[in-house]
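This report refers to the structure that appears directly beneath it.
The values are calculated or read from the model by the stated rules, or taken from the named source; none is laboratory data. Computed from a prediction, not measured in an experiment: that's the story for all the values here. Every residue, glycine as well, gets a Cβ built from its backbone with ideal geometry; the counts of neighbours run over all protein chains shown. Ligands, DNA and RNA are excluded from the accessible area calculation, which covers all protein heavy atoms including side chains. Shrake-Rupley method; radii C 1.70, N 1.55, O 1.52, S 1.80 Å.
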Amino acid sequence: MIVLIDNGHGSDTPGKCSPDRKLKEYLKSREIARRLVKTLNSRMVNAKTPIEAHLLVEEDKDISLPERCRRANAYCDKYGKENVLLVSIHCNAAGADGKWKSAGGWCVYTSPGRTKADDLATEIWKAADEGLKDYKERFPFLQAQGAYDSRQKPMRADWSDGDPDYEARFYILVHTKCPAVLTESLFQDNKADCDFLLSEEGTKAIVELHANGIINYIKNHKK
Ligand SMILES: [Zn+2]
């Protein structure tokens, strides 16, 4: 099984950072992606099934979405699209005006309609629901202090079609041949989320939840 880990944006992408500029999305997504690739390559699905994880974008600069999809589809053509999956790592933002916002939480996206990506997204969502236990426990206290507005939930979900992923026609989800999902790990323009993302505890939890969700998908859905 080939697992492709994409990391959002690049050093030359405008915006995409916390209002105090301490967190840059391209750097955080690369840190998570690199650690996730290492973690996956050190684990087995079972005695017979190692995982081969690759970074889709080794560069620090932004790589265009068509080029990202071309790279992913080259793996699909070589190994068979049923033997490849892709996870794109991002951090969310509620605005682009450089101000702190009150939205927070974790979520995952797939392309519209029912595909294998829905199973992959559900497994990663379930792993996040477990792996972000401490974040979830702190959330209501921080919310009471005003860090999040009253509509916010730590695990964001759209259950209208029976599963927790949001659906969107994101380029990387629509133009890749293999199952592909995009995760938004917390909000870079929320101060409390940002503190968690900048902590070792937070980064480690996010790396782990992705690894666990991907491995559970391969175990439970890949025949
Ligand atoms: Zn992004």
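Only residues that are over 22 Å from LEU173 (Cα atoms), more than 10 Å from the ligand (Cβ to nearest atom) and either assigned to a loop (DSSP other than H, G, I, E, B) or out of contact with any Cys (no Cβ under 9 Å at 6 or more places or on another chain) (or both): list them for segment 15-39, please.
CYS17, SER18, PRO19, ASP20, ARG21, LYS22, LEU23, ARG35, LYS38, THR39
What's the number of the only condition in (1) open to solvent by 50 Å² or more (accessible area, probe 1.4 Å); (2) at pLDDT below 95 that THR49 fails to meet?
(1)
Within segment 1-14, count every residue that is more than 12 Å from the ligand (Cβ to nearest atom) and in contact with a Cys (Cβ under 9 Å, 6 or more places away or on another chain).
2
Each row is one residue, and each column tells you yes or no for (1) crowded, with 17+ Cβ neighbours inside 10 Å; (2) touching an Asp or Glu at 6+ places or on another chain (Cβ under 8 Å).
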| position | (1), (2) |
| --- | --- |
| LEU120 | yes, no |
| ILE124 | yes, no |
| LYS133 | no, no |
| GLU137 | no, no |
| GLY146 | no, no |
| ARG151 | no, no |
| ASP161 | no, yes |
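On the given criteria, is GLY10 over 18 Å from TYR217 (Cα atoms), among the small types (Gly, Ala, Ser) and modelled with pLDDT under 95?
No; evaluated as a whole, the condition is false for this residue.
Would you check which residues across segment 175-205 are open to solvent by 10 Å² or more (accessible area, probe 1.4 Å) and aromatic (Phe, Trp, Tyr) and list them?
Across segment 175-205, the qualifying residue is only PHE196.
Quick check on my filter: what residues within segment 64-111 are more than 14 Å from the ligand (Cβ to nearest atom) and assigned to a loop (DSSP other than H, G, I, E, B)?
SER64, GLY80, ASP97, GLY98, LYS99, TRP100, LYS101, SER102, ALA103, GLY104, GLY105, SER111
Let's see how each residue does on (1) acidic (Asp, Glu); (2) open to solvent by less than 10 Å² (accessible area, probe 1.4 Å); (3) assigned to a helix (DSSP H, G or I):
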site: GLN143; (1), (2), (3): no, no, yes
site: PRO164; (1), (2), (3): no, yes, no
site: VAL207; (1), (2), (3): no, yes, yes
site: ASN212; (1), (2), (3): no, no, yes
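Among the residues of segment 67-99, write down those that are closer than 15 Å to HIS175 by Cα and over 19 Å from the mean Cα position of the chain (by Cα).
Residues satisfying the conditions are GLU67, ARG70, ASN73, ALA74, TYR75, CYS76, ASP77, LYS81.
When segment 145-197 is examined, which residues are found to be more than 16 Å from the ligand (Cβ to nearest atom) and of a type in the set (Gly, Ala, Ser)?
GLY146, ALA147, SER150, ALA157, SER160, GLY162, ALA192, listed by residue number.
Taking the criterion of being at positive phi and out of contact with any Asp or Glu (no Cβ under 9 Å at 6 or more places or on another chain), would at least one residue in segment 30-49 satisfy it?
no
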